[in-house]
Amino acid sequence: MSETSSKVRSQLLVVVVFNLIGYGCNVAANAILTNNLSLSDYGDFSVAWRSLALVSSLVIYGSTMSATKFIPIYNSKNEKHKKRGFITWNLGLVARASLIVLIAYLLFWATALITHITHSVSFDNYHLAMSVMILSPLLALSSIFNNYILASGYPSLASFMNAISYYLIKLFVLFLGFYVFLPNTNPNLSAIFFSYLFLLMATSALTYGFLPGSELIPSLISYKTNKKTKRASLVYINAEWLEVSQGCVINNLFAMISATAGIYILEIFSPSEHYVGLYNICMVAVGFVSVLATSMNKITNPLVAKIGHVTGPEAKETLNYLGALNIIRPLMFFSSMVIYYLSSESIFAFFNLKDHSHGILLPLMLFSALIDNSSQLRSVFLLSHGKEAYCAITRIIKVIMLVVCGCYLTIHYDIYGIVIANILSRLVRLIILSYEVRRITNIRFNYFF
């Protein structure tokens, strides 16, 4: 095994460990929420968080892809002025997107105020998501700074920030909020959101700012100076930054919609409001297996990408490794389905869920995760063979099918409807991806899928 290969595998092992620790922090944080909020309020909290993630991805506007591409180049050539120019441009992009979010936020509440005064439309209260939407730039900045850490050549630190720090800060804020500052009272969830996101952003900014050669402080000074003097020509600007960012905006948007559509559909069409909270509890519970499977994919992806590009002993080693994973992956998922179903009462009790009659949801969601995990391998293979457009089309088909089937099935079958819709949409994408993969190679990535 080469030194480079050994280093990569060591870093991947660190990523796996960090992700598992982060998952544990996330479980503890959600347990605090479910033990201190009603199931419907917990559902509102979950929807609000996904809304923040969705809007923040728009605020980022694909600039993380530009950072991943250009910052390593500027670092390797010691082109500090170009790096400062990129960060200044990126901050300006986020500032403009944040201004749009602010205008939309003010327009919504102005409209709400007018309709309340005129009595044309009357609501007793508004969804938590509408109150915290203005905080999305904080989450966007945190993601951007963490991506700068990765692009600057600190993958283990970036993994720590994205996994452990992300959930540990959440756990810390929720613990202080529910057990120290606001015990036995109705908590202000908007204040908790602000505290968490501000602390998350500040931690990411400080961590990146203290790295050697980060150029964050000079970039902030340049941004402030250019804003006052309006002399942008003093800063290096490259039109490719925006081109690369725009190239992945749509793909990122559909990926985010695919990840969040289920809970939105359930929130809108389910007659039982508490099912939103139940759905999120199930997602958190099965997350352990998903983390392990995703970590396995991160190890497998480089090998999958090599298929068709390598020959000889290296090709044989790749096939042997994939053969072993073909056995491990399905066994892990199918055994987890049985264990989760048999342990469903204990799992639901841990999250303070009184109704234990929906244990079958856990193996169904694990089966859905298995299909999605298998699709990821095929997607990596096709992307390595220049099939970017094909993969993007399959994602769009998946989202459209999820929305259409999800709305119909949720109206008729409630929470089971959206879970089934998720399985069907992922299965269709897997079949379409598999068809194209089989046209290129006879290698199977899973015996069953």
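Please treat every number below as a calculation from the coordinates, not as lab data. What you see is a predicted model, and the numbers here were worked out from it, not measured in a lab. Because the Cβ atoms are built from the backbone with ideal geometry, glycine has one as well, and the counts that use them run over all protein chains shown.
Which peptide among 95-106, 37-48 comes first, and what is the full order, when sorted by highest mean count of other Cβ atoms within 10 Å?
Values: 95-106: 14.0, 37-48: 20.3.
Descending mean neighbour count gives 37-48, 95-106.
Evaluate E = 1/(1 + (r/R0)^6) for residue 117 and residue 188, where r is the Cβ-Cβ distance and R0 equals 22 Å; express this FRET efficiency to the nearest 0.05.
Numbers: r = 25 Å, r/R0 = 1.14.
Calculated transfer efficiency: 0.30.
Once you have all Cα-Cα distances for the range 286-449, histogram them in 5 Å bins from zero and send the whole-percent values.
The distribution over the range 286-449 is 1, 9, 15, 18, 18, 15, 10, 7, 4, 2, 1, 0, given as percents.
How large is the Rg to Rh ratio of the chain when both quantities use alpha carbon positions and Rh follows Kirkwood?
On the way: Rg = 23.0 Å, Rh = 23.8 Å.
Radius of gyration over Kirkwood radius for the chain works out to 0.97.
For residue 385, which sequence-distant residues (separation of 5 or more, or a different chain) have an amide H within less than 5 Å of its own amide H, given hydrogens modelled in the peptide plane?
Here nothing satisfies the definition.
For labels at residue 246 and residue 179 in the simple 7 Å Cα→Cβ model, what's the distance in nm?
5.0
Given 0.36 nm per residue, what is the gain on full extension from residue 237 to residue 14 after removing their alpha carbon distance, in nm?
Details: separation 223, 0.36 × 223 = 80.28 nm, distance 3.60 nm.
Going from the current span to full extension adds 76.7 nm.
Longer than 31 Å from Cα to Cα, which of 170/387; 298/387; 83/298; 69/298 are they? Say none if no pair is.
On the way: 170/387 38 Å; 298/387 20 Å; 83/298 28 Å; 69/298 19 Å.
Flagged as over cut-off: 170/387.
Rounded, prolate or oblate for the range 138-209? Axes are the square roots of the Cα gyration tensor eigenvalues, ordered a ≥ b ≥ c, and the cut-off for rounded is a/c under 1.5.
Values: a/c = 3.74, a/b = 2.43, b/c = 1.54.
The shape class here is prolate.
Charges at C-beta only: +1 for Lys and Arg, -1 for Asp and Glu. How large is the resulting dipole of the chain about its Cα centre, in Debye rounded to 20?
On the way: 30 positive and 18 negative charges, 330 e Å.
For this selection, approximately 1580 debye.
Under unit Cβ charges (Lys, Arg +1; Asp, Glu -1), what dipole magnitude, rounded to 20 debye, does the range 26-124 have relative to its Cα centre? Don't skip to the end; give the middle numbers.
Details: 8 positive and 4 negative charges, 190 e Å.
Result for the range 26-124 is approximately 920 debye, rounded to the nearest 20.
Starting from the Cα gyration tensor of the range 324-379, take the square roots of the eigenvalues, sort them a ≥ b ≥ c, and report rounded, prolate or oblate (rounded when a/c is under 1.5, otherwise prolate if a/b is larger than b/c, else oblate). Please report the intermediate quantities before stating the final value.
Numbers: a/c = 3.46, a/b = 2.24, b/c = 1.55.
Prolate is the answer for the range 324-379, as a/c is 1.5 or above and a/b outweighs b/c.
How charged is the neighbourhood of residue 43? Take every other residue with its Cβ under 10 Å from the Cβ of residue 43, and add Lys/Arg as +1 and Asp/Glu as -1.
Numbers: positive: none; negative: 41, 44, 267, 273.
Residues near residue 43 contribute -4 overall.
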